[in-house]
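Here the structure is laid out as structure tokens; the discussion comes afterwards.
The values are calculated or read from the model by the stated rules, or taken from the named source; none is laboratory data. Values in this document were obtained by computation on a predicted structure and should not be read as measured data. Cβ placement follows ideal geometry from the backbone for every residue including glycine, while neighbour counts extend to all protein chains displayed.
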Ligand code: NDP
């Protein structure tokens, strides 16, 4: 039944999950159980397994065997593509179930979850094409007696650590590309949002993915995530999360020099020039700060606006914020839901308090919503923000916008780039020259012009500076999970070295 127009009800009982290894569910048995409460309702919604490091080690053996015997990497791109296309169908068939679980565990609006699940299916379809398009290179210019080939080979066993803000979508931005390349996977979702990753394992298996190619081990980041990044028999780790843990991952991976893909934090500028369509820009800025309750690595929470229009623009934002529908994420009309955990809620409130203390002008919001069950924060705007203030420099990961003004184009670019991060940026102007000059000079892996937080799997994603290394999605996203090999083939008899 299409549930897109109904308010879904909370489950009577939390749904229990084992974990998924070698093509089968493994029961939790006597292992500890983690119970997840919906952040918007404070009701238990899922129970997942606290796997042990022995479970992880066993899963690595399975994934290694599945890689070594070439049951997946030895298939043609066409065969791999067929599995990914079937998986896309499987996702669509289970759209209602996946979206509901995603909303129950994250607190994000159900309409958004549905969009993310559908978007995930679309990414599998794109990656299915990429599985067939992936190729190396040849050198036919080495003379008649030599031929050169460059082959791309799957890197091997990949550990995949994903965060809680977009559990299914971020998974979908990685898994089909890793599979398209021919690798095997051990996924470790965030403990608070494991359900949709576990269901994906079942969908892939039913789509014909050979056993052992995609495994999910659940548990905490500090134990299972850490053990995974340290593991000597994992060839690559793809990590998405905070810059602090990303740094820890870098150190932990040094033991066997495993390759690392890191997508980390951001403090993304929204640069608004006076000649922009201010109504469009204000809508984009409000969306950029409120989307996913501000818990979005590419969310534009640092407004850099030309001084001559700053006050008018501020008024526009406040007017629009008052119309954002905040509330029960199970209501299809809700636009902004709950904050993921009590800890994250406290972090956001701590930053709001710092903003007030450091002398920024509180324009609106600034507190939690009184009287609501669960964790909800009012969209908050601070103006007169000096770029040295903590709220302008550190990633808050909540619906908190800072406003800093500029007089000249050069100053705008300087402020936009004045951050340790380089994940994303948005530019709002009607001047093509200005937009081009700005996107060339802004240091960020993703730049949007007259829009924000949009795009498809065709283009790569990733960060400059301390926002990460490597790229996901696009053809780059498959190549990321390959090793490059050079092959020289001698033709004819050898000119002997020994006289
Ligand atoms: P973390 O970086 O701690 O979590 C991200 C992922 O890493 C989760 O799967 C987590 O597992 C796992 N993890 C935690 N510790 C380790 C470790 N030692 N080794 C390997 N993996 C580990 O983010 P938080 O949940 O603590 O959020 C804190 C801040 O991080 C946010 O306020 C935000 O600024 C940023 N963040 C950025 C994200 C992004 O998309 N760039 C996503 C999420 C957070 P588990 O959750 O089970 O502990």
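Data for the structure
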read-out	value
Answer residue from segment 268-309, given it is out of contact with any strand residue (DSSP E or B) (no Cβ under 8 Å at 6 or more places or on another chain) and assigned to a loop (DSSP other than H, G, I, E, B) and is nearest to residue 451 (Cα to Cα) among those	299
Residue within segment 59-68 that is within 29 Å of residue 10 (Cβ to Cβ), in contact (Cβ under 8 Å) with a residue 24 or more places away in the chain, buried (at least 17 other Cβ atoms within 10 Å of the Cβ) and not assigned by TED's automatic domain parsing to the domain that holds residue 335 present	no
Meets criteria (part of a helix (DSSP H, G or I) and either farther than 30 Å from residue 304 by Cα or touching a strand residue (DSSP E or B) at 6+ places or on another chain (Cβ under 7 Å) (or both)) for residue 238	no
Any hit, segment 310-317, residues being more than 16 Å from the ligand (Cβ to nearest atom), at pLDDT 95 or above and over 30 Å from residue 455 (Cα atoms)	yes
Subset of segment 57-87 (residues that are in a loop (DSSP other than H, G, I, E, B) and over 27 Å from the mean Cα position of the chain (by Cα))	69, 70, 71, 74, 75, 76
Unique match (being in contact with a helix residue (DSSP H, G or I) (Cβ under 9 Å, 6 or more places away or on another chain) and either within 16 Å of the ligand (Cβ to nearest atom) or assigned by TED's automatic domain parsing to the domain that holds residue 249 (or both)) among 169, 139	169
Yes/no for residue 194 being within 16 Å of the ligand (Cβ to nearest atom) and surrounded by fewer than 23 Cβ atoms within 10 Å (Cβ to Cβ)	no
Residue match in segment 223-240 (condition: surrounded by fewer than 24 Cβ atoms within 10 Å (Cβ to Cβ), near the ligand (Cβ under 9 Å from one of its atoms) and without any contact (Cβ under 8 Å) to a residue 24 or more places away in the chain)	no
Tally of residues being within 30 Å of residue 312 (Cβ to Cβ), more than 10 Å from the ligand (Cβ to nearest atom) and crowded, with 19+ Cβ neighbours inside 10 Å across segment 258-277	7
Criterion (in contact (Cβ under 8 Å) with a residue 40 or more places away in the chain and within 16 Å of the ligand (Cβ to nearest atom)) met by exactly one of 288, 255	288
Residue that is surrounded by the fewest Cβ atoms within 10 Å (Cβ to Cβ), among those in segment 441-463 that are free of Cβ contacts under 8 Å to residues at least 24 places away in the same chain and within 16 Å of residue 272 (Cα to Cα)	449
Test: residue in segment 11-34 that is surrounded by fewer than 18 Cβ atoms within 10 Å (Cβ to Cβ), outside any strand (DSSP E or B), more than 26 Å from the chain's Cα centre (by Cα) and in contact (Cβ under 8 Å) with a residue 60 or more places away in the chain	yes
Residue 184 vs. criteria away from the ligand (no atom under 16 Å from the Cβ) and more than 29 Å from residue 52 (Cβ to Cβ)	no
